[in-house]
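Undergrad: The structure is given below, and queries will be raised subsequently.
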Amino acid sequence: MSVNGHAGWLLEQLPAGMRRDRVIAGFVRAFEEIGDSVREQVTDVEYELDVNLASPEMLAYMASWIGVDVDEAMLASADPQVRDAQRRLIRAVGQALVWRGTRRGMETLLEALTDSRVDVHDSGGVFGPRDTVPPTSDVVVIELDHTGLLTRQQVMAFLAEELPVGVRVDLRIRSEQQERR
C-alpha cells in the first residue's frame, strides 16, 4: 500500500505482509500524521526554551517555573529596553537560584534588574575555627550605579523579599551621590 506512489516513514518499517493489509496500513498512516505534527512542533522546541528567542507566552511560562511573576505585555512590549530587561531578569533568576540569599545571588539579580554594576557588602559567611571572623552586623550595604527602569522603592521592595527577615539594608545609589556633589 502506498500514498502518492510510496509508503510513509512508519509504514515502511512494517513487514511486507502487514504493509499490504489495508486496515493495518490505514491505522499506521493515521499515526504517521499524528507523528508528523508532533515532529513539526518539536523541531522548534530548542528555540522556545532559549530565553533570548522564546515567544512572550513561553517566557511567561518558563518564568513561572522559577517563581518569577512577569507581565506578558511587558515581554511583548515595543520598547526593546523593557523586553530586554524582562528577559535579563528571567535568565538571571534561573542562574542565581543556587545562590539565593547570598551576596553572589543578590549581585546577579540586582544587576539583571537594574542593568547596573552592583556591590553587596555584608558580614555573613561560613567561617572555620582558624578563620578570622569579621564583626557581625545586621546591615547589608548595597551599592548600585543606578536603579535602571526601577524606582528606589521598587528596589527596596525586591530586597525585602530576597533578604532574610531582620536584615537592614543601606542602599547606596552612586548616581544620586554624584548628583549631590
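Undergrad: Loop-only check: which chymotrypsin sites (Phe, Trp or Tyr not before Pro) in region 99-176 are DSSP coil with at most 14 other Cβ within 10 angstrom?
TA: F127
Undergrad: What net charge is computed for the residues neighbouring L110, neighbours being all others with C-beta under 15 Å from the C-beta of L110, Lys and Arg scored +1, Asp and Glu -1?
TA: For residues surrounding L110, the net value is -1.
Undergrad: Moving on to the next point. Work out the length of the dipole vector of region 64-127 about its Cα centre, built from +1 on the beta-carbon of each Lys and Arg and -1 on the beta-carbon of each Asp and Glu, and round it to the nearest 20 debye.
TA: 260 debye
Undergrad: A further question follows. Okay, helix-only estimate at 222 nm for the chain: each DSSP H run of n ≥ 4 adds -39500 (n - 2.57), divide by all residues, round to 500 deg cm²/dmol; what do you get?
TA: The helix-only estimate for the chain comes to -15000 deg cm²/dmol at 222 nm.
Undergrad: Packing-wise, with mean Cβ within 10 Å as the measure, how do 74-80, 139-145 rank, highest first?
TA: The packing order, highest mean first, is 139-145, 74-80.
Undergrad: Toward the positive end of the charge dipole of the chain, about the Cα centre and with charges on Cβ (Lys, Arg +1; Asp, Glu -1), which of P134, A25, L14 goes farthest?
TA: Of the listed residues, the answer is P134.
Undergrad: Which of the helices in the chain meet the span-like rule: DSSP H, Cα axial reach of 24 Å or more, Kyte-Doolittle mean at least 0.0?
TA: Counting only whole DSSP H runs, the qualifying helices are 22-42.
Undergrad: May I ask you to derive the relative contact order of region 55-99, considering only C-alpha pairs under 8 Å and at least 6 residues apart, and to give it as an integer percent?
TA: 32 percent
Undergrad: State, as an integer percentage, the relative contact order of region 102-181 based on alpha-carbon contacts under 8 Å between residues 6 or more apart.
TA: The value is 30 percent.
Undergrad: Here's another thing I want to ask about it. Given (i) 149; (ii) 207; (iii) 115, which label gives volume of the Cα convex hull per residue in Å³ as computed from the coordinates?
TA: So the structure-derived entry is (ii).
Undergrad: Can you give me the long-range amide H partners of R172? Hydrogens built in the peptide plane at 1.01 Å from N, cutoff under 5 Å, separation of 5 or more residues or another chain.
TA: Amide H to amide H, under 5 Å and 5 or more residues apart or across chains, R172 pairs with I142, E143, L144.
Undergrad: Moving on to the next point. Given +1 on the Cβ of Lys and Arg, -1 on the Cβ of Asp and Glu, and no further charges, what dipole in debye does region 118-181 carry about its Cα centre, rounded to the nearest 20?
TA: 180 debye
Undergrad: For the chain, give the share of DSSP beta bridges that are antiparallel, in percent and rounded to the nearest 5; count only bridges with both residues there.
TA: In the chain, DSSP labels about 45 percent of beta bridges as antiparallel.
Undergrad: I would also like to ask the following. Using a Gaussian network model of the chain with C-alpha springs under 10 Å, which one of R19, R130, R168 is most mobile by mean-square fluctuation?
TA: The residue with the greatest mean-square fluctuation here is R130.
Undergrad: Dipole magnitude of region 1-131 about its Cα centre, charges +1 at Lys/Arg Cβ and -1 at Asp/Glu Cβ only, in debye to the nearest 20?
TA: Its charge dipole is roughly 480 debye.
Rule-based calculations on the coordinates, nothing more; no lab input. Every value quoted in this text rests on a predicted model; they were computed, and no experiment measured them. Neighbour counts are summed over all protein chains in view; Cβ atoms, including those assigned to glycine, are modelled from backbone coordinates with ideal geometry.
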